[in-house]
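Worksheet: one structure, shown below.
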Amino acid sequence: MPASFKLPRIDYNAPFSLTFCLACLAVFLTFALSGGWTQTHLFSLDGSASLANWTTWPRLFLHVLGHAHFEHLFGNLIFILLLGPRLEESYGWWRLTLISAITALVTGIIMLLLFRGLLLGASGIVFALIILSSFAKARSGSIPLTFILIAIIFLGSELYQAFQGRSDTAHFAHIAGGVVGGLCGFFWLRGR
């Protein structure tokens with residue numbers, strides 16, 4: 001008698017990463033359905049926005065869910081889905097949620113204080129996760145060489161491009177995300 005074939009169950013193995021990516025996809029779909037209204041009014045942050053306007057406060061966090069186009073969205077989602085599950089194993093989903101909220105807030109405040117234009121996308125969070133990943137297997141009392149190399153390569157590249165003015169990418173958001181990821185990595189490493 002042949003053994004019955006059972007389909008493997010799908011495991012929601014990385015709650016932060018999967019939920020964040022699904023939220024970004026849903027927000028992107030709302031852009032298409034609303035003709036871009038939700039992007040302009042809910043899921044982006046204008047550098048000239050006023051803190052006196054109550055809608056600015058939630059947008060300090062929600063701007064990370066918005067993305068300008070498919071390449072922007074999928075580029076960020078690929079990194080989050082590659083790095084997130086492993087980081088969730090090391091740090092837990094709640095710490096990744098915390099680092100994402102901190103990164104969103106820091107980049108939003110920097111945008112309001114120093115820049116004009118529109119801020120949207122999860123690139124700052126991606127850079128925070130990239131830098132944080134270098135601490136995943138580190139020992140307390142040490143500085144991982146991978147952290148040093150990642151900082152030089154990614155953050156150095158962002159600083160260079162920011163000062164060259166080569167693109168409209170929010171390089172400051174990448175740099176701020178990397179700094180938040182590095183600080184959280186050091187802080188959590190000391191707590192191990």
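Each reported figure results from applying straightforward, stated rules to the coordinates on display, with no laboratory input. These numbers were taken from a predicted model, which means no experiment stands behind them. As a convention, Cβ positions derive from the backbone with ideal geometry for all residues, glycine included, and neighbour counts pool all protein chains shown.
Across the range 18-130, C-alpha contacts under 8 Å between residues 6 or more apart give a mean separation that, scaled by the residue count, equals a relative contact order of 37 percent. From least to most packed, judged by other beta carbons within 10 angstrom and beginning with the fewest, Arg9, Arg116, Arg95 follow the order Arg9, Arg116, Arg95. Does the chain classify as rounded, prolate or oblate by the C-alpha gyration tensor (a ≥ b ≥ c root eigenvalues; a/c under 1.5 gives rounded; else a/b over b/c gives prolate, otherwise oblate)? Note, shape of the chain comes out oblate. Structure remark: mean-square fluctuation, Gaussian network model of the chain, C-alpha springs under 10 Å; the largest value among Pro58, Pro15, Pro85 belongs to Pro58. Considering only alpha-carbon pairs that sit under 8 angstrom and 6 or more positions apart, the relative contact order computed for the chain is 23 percent. Centroid-to-centroid, using Cα positions, the range 23-44 and the range 110-140 are 22 Å apart.
Could you identify which residue out of Ile175, Ile78, Ile131 has the top mean-square fluctuation in a GNM of the chain using Cα springs shorter than 10 Å? Evaluated over the chain, the most mobile residue of the options is Ile78. Shape of the range 27-124 from the C-alpha gyration tensor: oblate (a/c of 1.5 or more and a/b not above b/c, with a ≥ b ≥ c the square roots of its eigenvalues).
When only Cα pairs below 8 angstrom with a gap of at least 6 residues are kept, the range 1-63 shows a relative contact order of 21 percent. Among Ala26, Ala176, Ala151, the largest mean-square fluctuation in a Gaussian network model of the chain (Cα springs under 10 Å) belongs to Ala26.
So what's the back-of-envelope 222 nm ellipticity for the chain, counting only DSSP H runs of four-plus at -39500 (n - 2.57) apiece and dividing by all residues, rounded to 500? Taking each H run of at least 4 residues, the total per residue is -20500 deg cm²/dmol. Each residue of the range 44-53 was assigned a 3J(HN,Hα) from its phi angle through the Karplus expression (A = 6.51, B = -1.76, C = 1.60, θ = phi - 60°), giving 8, 10, 7, x, 9, 5, 10, 5, 6, 7 Hz with x at Gly and Pro.
Counting only Cβ charges, +1 for Lys and Arg and -1 for Asp and Glu, the dipole size of the chain around its Cα centre is about 500 debye.
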